[in-house]
1. Does region 276-283 contain any residue that is at pLDDT below 75, in a loop (DSSP other than H, G, I, E, B) and either within 30 Å of residue 22 (Cβ to Cβ) or of a type in the set (A, V, I, L, M, F, W, C) (or both)?
2. Which numbered condition in (1) at pLDDT below 65; (2) in contact with a helix residue (DSSP H, G or I) (Cβ under 8 Å, 6 or more places away or on another chain) is the only one that residue 233 fails?
3. Where residues in region 192-216 are of a type in the set (Ser, Thr, Tyr) and surrounded by 13 or more Cβ atoms within 10 Å (Cβ to Cβ), which of them is modelled with the lowest pLDDT?
4. Kindly list the number of the only condition in (1) within 25 Å of residue 291 (Cα to Cα); (2) modelled with pLDDT of 80 or more; (3) surrounded by fewer than 19 Cβ atoms within 10 Å (Cβ to Cβ) that fails for residue 179.
5. When you check residue 101 against the structure, is it charged (D, E, K, R), crowded, with 20+ Cβ neighbours inside 10 Å and touching a residue at least 60 places away in the same chain (Cβ under 8 Å), yes or no?
6. Specify which of the listed residues (5, 53, 16) is surrounded by 13 or more Cβ atoms within 10 Å (Cβ to Cβ), modelled with pLDDT of 90 or more and among the charged types (D, E, K, R).
7. Would you call residue 117 modelled with pLDDT of 85 or more, within 19 Å of the chain's Cα centre (by Cα) and either surrounded by fewer than 18 Cβ atoms within 10 Å (Cβ to Cβ) or of a type in the set (S, T, N, Q) (or both)?
Amino acid sequence: MLQFKNPHQRLEEFKKECPNLNNIINKEYIKIDRKELPSYCFLPISSWVKMAKNFINFKEDDNKNYEMCQKYIMFYYKLSVYGTWSVSKIIYKINEDFLKELISTEISNNIPSDVFKKIPFPCIYIETPGLSLIKYKMNGFWMITEFSPDNSETSSSVSIFLNGDEQCDYLPLCSLTSEKISIYIEDSDISIILNKIIPICLYICSENNRINEDSSSPLTYGTHNKKKDKFRLIEPSKAKVRIIGEKEGALIRDYHNRVYSERDSSPSKMSPHIRRAHWHGYWCGKNRSEFKYNWVSPSFINFTESRQE
């Protein structure tokens with residue numbers, strides 16, 4: 001059996017590579033004017049670039065060195081993902097039965113990328129129990145939104161960082177300045193992976209999601225020392241776990257387990273069946289400027305009503 005590293009183990013592993021991670025991020029964070037940043041951004045891309053180059057001592061001449069460029073790129077990915085996630089440590093756990101229904105629901109090819117700007121925090125981790133992606137084995141993935149004030153096509157974006165059995169792989173999903181999400185890409189394997197992952201990301205960013213949150217531990221970035229008049233980022237001691245589709249998953253599983261036993265011998269009554277889930281998108285707000293994309297749960301027909309409560 002494969003032994004996956006959980007997100008905490010990945011973070012601690014990276015801290016050995018970057019021992020002063022918290023201090024590095026804190027120094028950069030207090031320089032930033034938060035009013036200039038959108039809610040889906042923790043630190044602008046320029047900050048991560050500067051921190052990554054400074055840490056590995058990347059010089060302009062290194063642009064001609066392939067190995068050095070690869071080292072810088074991978075370090076930048078890990079720094080931005082682990083650095084952002086370490087401040088919240090939000091983990092989404094998805095009910096396995098609910099997950100199967102969610103990823104099998106067909107999605108539109110014309111979804112505005114703005115939907116992803118409603119991410120609860122700029123970087124979150126999603127566990128994917130039982131999800132097999134071709135030959136790729138993984139424990140889950142991080143979803144991160146990145147922002148640059150210049151608002152260029154190639155800068156503000158949403159990406160995926162897969163937590164594989166051997167290593168983590170970075171997959172750019174789409175630009176946040178483009179009109180719609182580009183779901184289908186040339187690489188067929190990557191396309192299959194993203195088409196499984198995108199519905200999960202969309203659900204978390206949708207307004208009608210049913211996620212159980214721990215209200216006893218509110219999300220805060222850090223604390224302000226009044227005596228020294230300094231702000232300090234504080235890494236949470238434990239993860240903030242949010243459960244997705246617990247009740248819905250139980251209902252789906254119960255339905256499949258009982259569908260045959262619930263059949264009525266009377267030919268006049270339709271046997272129990274499920275009306276598949278689907279996505280519903282619509283424009284709203286002033287001048288129809290805001291797009292909402294919600295997942296409509298499956299409906300159970302001629303199933304015992306008490307089970308749907």
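1. There is at least one residue in region 276-283 that is at pLDDT below 75, in a loop (DSSP other than H, G, I, E, B) and either within 30 Å of residue 22 (Cβ to Cβ) or of a type in the set (A, V, I, L, M, F, W, C) (or both).
2. (1)
3. If we filter region 192-216 for residues that are of a type in the set (Ser, Thr, Tyr), which is where we start, we get 203, 206, 215-216.
Adding the requirement that they be surrounded by 13 or more Cβ atoms within 10 Å (Cβ to Cβ) leaves 203, 206.
Numbers: 203: 89, 206: 85.
Among them, the one singled out is 206.
4. (2)
5. On the way: charged (D, E, K, R): yes; crowded, with 20+ Cβ neighbours inside 10 Å: yes; touching a residue at least 60 places away in the same chain (Cβ under 8 Å): yes.
Criteria met by residue 101.
6. Numbers: 5 fails: modelled with pLDDT of 90 or more; 16 fails: surrounded by 13 or more Cβ atoms within 10 Å (Cβ to Cβ).
On inspection, the qualifying residue turns out to be 53.
7. Working: modelled with pLDDT of 85 or more: yes; within 19 Å of the chain's Cα centre (by Cα): yes; either surrounded by fewer than 18 Cβ atoms within 10 Å (Cβ to Cβ) or of a type in the set (S, T, N, Q) (or both): yes.
Spelling it out, residue 117 is indeed modelled with pLDDT of 85 or more, within 19 Å of the chain's Cα centre (by Cα) and either surrounded by fewer than 18 Cβ atoms within 10 Å (Cβ to Cβ) or of a type in the set (S, T, N, Q) (or both).
The values are calculated or read from the model by the stated rules, or taken from the named source; none is laboratory data. If you're wondering where the values come from, they're calculated on a predicted model, not measured in any experiment. Here Cβ is always computed from backbone atoms with ideal geometry, including for glycine, and neighbour counts include all displayed protein chains.
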